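A short write-up of the structure that comes next.
The values are calculated or read from the model by the stated rules, or taken from the named source; none is laboratory data. The structure displayed is predicted, hence computed values, not measured ones. In this analysis, Cβ positions are derived from the backbone assuming ideal geometry, glycine residues included, and neighbour counts consider all displayed protein chains.
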Amino acid sequence: MVTPLRAVNSSLVGQFTASRSWHRALLLCLFLILGDTGRAFAQTYILNEDFSSASGTTPPTGWLNSAGSGPATDKWHFDNPGGRNINYPFSGSFAIFDSENYSSDGSKETTTLETRFFDASVSQNTVLYFDHFFAGGKGGSGTVEVYNGFIWQFVASYSDSTGNPQSEVYNISSLVRGATAAKVRFRWEGNNSYFWAIDNIRIYAPLPLDAGISALDAPNMPFKAGAQPIQVRLTNFGANTLTKTTIGWSVNNVVQAAYNWTGNLALGMSANDVKIGSYNFPTGKPVRLKVWQTQPNGLNDPNGQNDTLAVTLYSSLCGLYTIGGTNPDFTSFYGSGNGAEQCGGDLRGDFPRAQWRV
């Protein structure tokens, strides 16, 4: 059984590739030390890819980029040929199949991106993490599968759009345990069906204690101005059961009252829609929301890389707005277009319910 998680973990901490028995022995010793002390400073990575070495349609070393049964040009790109503007934690090069941009020939697309082989026998617990932005519609779909050395096994599929880049983490321990030649693949199917972008693919052995804020469940853009509940998703990334933690948050760098959470979350489990407070959103103004967790189970979290979520939110635009000049709402047409797009408008010039003064 695959257990879904979500996380925000934007830092490349390290890389571990186990191909010999002494590597596995070293990792075993590391886990024994962690079990005795309860202290660590980073996840142990089996595979860690940010696509910085990829270019054009050429994937990282050992990876496969296949057009499947479609035209030979229907491959994943690593240079964002459509110029898609994708927010943090995407940065630099990333993988994208832009069906709408370069595959509008009327032929069905079945393109696949496969990782290099990795050794999953180094740990009894194995976690898959990646960031992605899925622009759904017109029949497009994305599927994630894991290879255990013998067969491909289903992990997850996507067809609905993500509102922003979204982080996914899956407990794939039962699918790859003991496999010395495992793989993960991302398969797109569609026909001129928008796009799927992926970045920061990581496969790692979890720490004993590790929790984080993995998603903002509410509010979701577009939403009306005024009081809105702030609801988040808390995920346990650690091997030990999570029973309590403190969730802090701030709005435009002003710290709000913390929320003390209690419950029972095993590895890979999430508490959804945790309401930590509410905020009165102004109309069409950017609001910087930051949420973090501290002291899981009353102890210091040894992995601070996935503790925090930070997003910029806009309520729906409705009113008179100034571009440029003294104390403008937006400094440029580009800024106004970006704001309108975030609020549910259209960068091509459709700014619903808003008037503009230049």
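Condition check for Gly238 on (1) of a type outside the set (Val, Ile, Thr); (2) assigned to a strand (DSSP E or B); (3) buried (at least 20 other Cβ atoms within 10 Å of the Cβ): one failure, at (2). The residues of region 110-164 that are within 20 Å of the chain's Cα centre (by Cα) and hydrophobic (A, V, I, L, M, F, W, C), listed by number, are Leu113, Val127, Leu128, Phe130, Phe133, Phe134, Ala135, Val144, Val146, Phe154, Val155, Ala156. When restricted to residues that are of a type outside the set (D, E, K, R), touching a residue at least 24 places away in the same chain (Cβ under 8 Å) and closer than 17 Å to Asp301 by Cβ, region 225-262 contains 17. Restricting region 271-303 to residues that are more than 16 Å from Gln256 (Cα to Cα), among the small types (Gly, Ala, Ser) and at pLDDT 90 or above leaves a set whose member that is surrounded by the fewest Cβ atoms within 10 Å (Cβ to Cβ) is Gly298.
Results for (1) crowded, with 18+ Cβ neighbours inside 10 Å; (2) touching a Gly at 6+ places or on another chain (Cβ under 9 Å); (3) closer than 18 Å to Ala205 by Cβ, shown as yes or no for each residue.
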site	(1), (2), (3)
Phe133	yes, no, no
Gly137	no, no, no
Ile151	no, no, no
Ser157	no, yes, no
Asp160	no, yes, no
Tyr170	yes, yes, yes
Leu175	yes, no, yes
Ala179	yes, yes, yes
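Look through region 98-130, keep the residues that are among the aromatic types (Phe, Trp, Tyr) and not in a loop (DSSP other than H, G, I, E, B), and return whichever of them is surrounded by the most Cβ atoms within 10 Å (Cβ to Cβ). So the residue we want is Phe118. For region 69-83, the tally of residues that are touching a strand residue (DSSP E or B) at 6+ places or on another chain (Cβ under 7 Å) and over 18 Å from Ser52 (Cβ atoms) stands at 5. Number of residues in region 180-229 that are assigned to a loop (DSSP other than H, G, I, E, B) and among the polar types (S, T, N, Q): the value is 5. Taken residue by residue, region 122-135 has at least one member that is among the acidic types (Asp, Glu) and more than 20 Å from Arg177 (Cα to Cα). Scanning region 278-299 for residues that are within 29 Å of Asn327 (Cβ to Cβ) and not hydrophobic (A, V, I, L, M, F, W, C) gives Ser278, Tyr279, Asn280, Pro282, Thr283, Gly284, Lys285, Pro286, Arg288, Lys290. Within region 62-79, one or more residues are crowded, with 17+ Cβ neighbours inside 10 Å and at pLDDT below 80.
Residue count for region 135-179 satisfying the condition of being in contact (Cβ under 8 Å) with a residue 40 or more places away in the chain and in a loop (DSSP other than H, G, I, E, B): 12.
For region 181-191: of the residues being crowded, with 18+ Cβ neighbours inside 10 Å and under 22 Å from Glu100 (Cα atoms), which is modelled with the lowest pLDDT? By that ranking, first place goes to Gly190. Any chance region 5-27 includes a residue that's modelled with pLDDT under 50, part of a loop (DSSP other than H, G, I, E, B), more than 19 Å from the chain's Cα centre (by Cα) and buried (at least 19 other Cβ atoms within 10 Å of the Cβ)? Yes, region 5-27 contains at least one residue that is modelled with pLDDT under 50, part of a loop (DSSP other than H, G, I, E, B), more than 19 Å from the chain's Cα centre (by Cα) and buried (at least 19 other Cβ atoms within 10 Å of the Cβ).
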